[in-house]
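One structure below.
What follows draws every value from the coordinates through simple rules; no lab data is involved. Everything numeric here is computed off the predicted structure, so don't read it as measured data. Positions of Cβ are backbone-derived with ideal geometry, glycine not excepted, and every protein chain shown enters the neighbour counts.
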Amino acid sequence: MATVHLEMFGQTDRRFKSTLVQRERDKIKKEEEIAGRLAELESANNAVQKAEFEGAVQDGSVQARTLTYQEHLRQRETQLARIALILVRREALRRVLELERQMYSSELSQRGLTIYLQRI
């Protein structure tokens, strides 16, 4: 009687696991569909924005000039941000290297050794 109960329990356990697996598969499938729809919407949105921009540029209106000026401004800001980021990274790297050199120098001095410094 106990073995029958265990077998039945095992079957329900397997059913429960298969149900969980199926739910996960369904969830993954829905997420993939949503991601696909979002990609389509983003693509359509980009196409609409590009069409509006090109239409405005072809009109030669003040709005078109404003849009091109704003686009150039954004590009310049992005370029300046990249340069600033590079400068910050360089400075951080320089500080790390200087700290490591100082640590290395102090370790050598504790051993009674020195770093050769060439005088110019």
### Query
For Arg119 and Arg82 in the same chain, what is the full-extension length gain: residue separation times 0.36 nm, less their Cα-Cα distance, in nm?
9.6 nm
#### Entry: Estimated FRET transfer efficiency when R0 is 35 angstrom, pair Leu93-Tyr69 (beta carbons, to 0.05)
0.45
